[in-house]
1. Taking every DSSP beta bridge that has both residues in the chain, what percent is antiparallel when rounded to the nearest 5?
2. Compute the Kirkwood hydrodynamic radius of the range 15-159, taking the inverse of the mean of 1/r over all pairs of distinct Cα atoms, and give it in Å to one decimal.
3. With axes computed from alpha carbons, what is the tilt in degrees of helix 404-429 against the longest principal axis of the chain, rounded to the nearest 10 within 0 to 90?
4. Please report the net charge: other residues with Cβ closer than 12 Å to the Cβ of D298, K and R +1, D and E -1.
5. Using +1 at the C-beta of Lys and Arg and -1 at the C-beta of Asp and Glu, which of L415, S146, I386 has the Cα lying farthest in the positive direction of the dipole of the chain?
6. Å³ per residue of the Cα convex hull, for the range 151-290?
7. Dividing the Cα convex hull volume of the range 302-378 by residue count, how many Å³ per residue is that?
8. Taking the Cα centroid of the range 326-400 and of the range 208-275, what is the distance between the two, rounded to the nearest whole Å?
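The values are calculated or read from the model by the stated rules, or taken from the named source; none is laboratory data. Being a predicted model, the structure only gives us computed values, none of them experimental. All Cβ positions, even for glycine, are placed from backbone atoms using ideal geometry, and neighbour counts span all protein chains on display. To get the accessible areas, we keep the full protein, side chains included, count just its heavy atoms, and leave off ligands, DNA and RNA. Shrake-Rupley method; radii C 1.70, N 1.55, O 1.52, S 1.80 Å.
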Amino acid sequence: MHNSTITLESIMNAFDPRRLSSHIEAFARIGANEFGGVTRLAFSQEDRKGREKFLHLLETELHAEIHTDPLGNIFARRKGKHPDWPAIMTGSHLDSVRNGGKFDGPAGVLSAFEAFRVLDLLRIETEHPLVLAMLTSEEPNTFGISTLGSRGLAGKLQKTQLEALRDDGGKDFRTALASIGGDLERIQEAVLKPGSVKYFLELHIEQMPFLDRERKNIGVVKGVTGICRERISVMGVASHCGTTPMTERRDALCAASEVILALERAARGEEGKAVATIGHLNVFPNSINITPERVDLDAEIRSYYPESVHRILHALGEEVSRIQETRGIHLDRKPLYRTEPTTFSPDVRGAIREAADRLGFSTLELISMAGHDAAHMNAVTEAGMIFIPCKAGLSHCPQEWTDTEDLVRGAQCLLQTLLLLDKKDDEENR
Ligand SMILES: [Zn+2]
C-alpha cells in the first residue's frame, strides 16, 4: 500500500482504546497484590511471566523480527523500506517497584505495541527500520541497579562490576541475568553500534501533577534532572539523658534537625527549579536514654539547573557553619554521587510538538524529575520523551492512574512522532 493514500485520520481511528486498556490490565494482573498494587521486580518470577506474555504478544500479533539481547532487552523490529538505515527505536519497561502501579513502564511499552499494530493493520511501510524495545530493569533491582537495559545499550556497564554483585537473598547477578535469558559473558554485544539507532522515543506517565492540574494532553519533555547526593555527618557527644543539663549537651540529632530544615529552606528558595530531601538517617547509639552522639544524614538535591544546585549547596554550607558555631558540634560533608542533567534532542522535541499540534492535542514543556531509560539512550542516540497525564501525579503506588483517553492520545502522538522522525531523516538523506 502507498503510504500517501493513508490519511492522518485513518491512522488515528485505527487505535483501539479497549485493546490498549485491556493490555494494561492484563500486565497489571502479573504480580498483582491485595492492596491493588503491582510488584513485578526485575529478575523475579513475575518479571519472567511478564516477559513470556510480552513475547507471546509480539509473536502472535506483530509482523516483526523478535530478538532478546544478552541483557534481556526484548526488541521487535519492522524492517522498513531501507533495512540498513539507522533505526528509530521506541519503548520503555515492564518491571515495577514494590507495590507500584499499573502504568509506570507498561504505558510506554504497550502504547508502542499498539502503534506497531496500527502500522501493521494499515500496512504502512516506514523508510527506516522501526524497533519496539522492552528494556530490562528500569527500576532499581535487588542488586541496587536501575536503568540496567539502557545503560547496557549505551555501553555504561562493566562485566567485572556486575559479576561481583550479590543481592540480599545471596543470589549472584550472573544467575539473575541468566534467569531472564541474558548472558553476562556477552553483555558487550548489547552495546548499540554507532549509527545503528538514530532516534529513541519513550512514552511515560508524567509522575508529576502538572499535566493533570493544567488539563494538558501531552508533556514534551525538555530534559531530565541532575541528581546530587551527599552525606552529612554530625558529631556530637553521647551522655546520660537524665543527668546532662540542657545547656551542656552536644546533641547530634538536634543539630541534624537544623540541617534538615536548613536544606528544606534552601530548596524552597529555588521553588519550581529544584527539590531536596533528606530521606535517610543513621542515629548512634539510637537509644532512648543517651543523647545522640552521631547522626549521618543522606541528602539529595534534584534539579535540571546547575546554578540552582550550586545555590542550594552554598546556602547549606553557610547554615552548616552557623550550626557548628552555635552548637559547638562538628559537621562533615562528603559528596556521594552526582549526575548531570540531560537535555533531550531538539529534533525529537520538535517532532513531538508538531505531532501533537497536528492531532489537536495541547502540550506542556516539562522537566522530568525522575530518571528514565531515555536519559541513558540520549548518550548514544537522539532521544526524547512524551509524558501523559496521571491523576494528581501519583506514581510508584497502587493509586497510580491514567485515563484510557490519555493513554490513547499518548499512543497516537507517539506514532505520529515516529512517522515525522522517519520522514525528517528521509528529507535530510535526500
Ligand atoms: Zn518508569
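1. The antiparallel proportion sits near 65 percent.
2. 15.7
3. Taking Cα atoms only, the helix is inclined about 70 degrees.
4. Working: positive: R229, R231, R333, K334; negative: E230, D296, E300.
Once all neighbours under 12 Å are counted, the net charge is +1.
5. S146
6. 232
7. Spelled out: Cα convex hull of the range 302-378, divided by residues, is 118 Å³.
8. The range 326-400 and the range 208-275 have Cα centres spaced 21 Å from each other.
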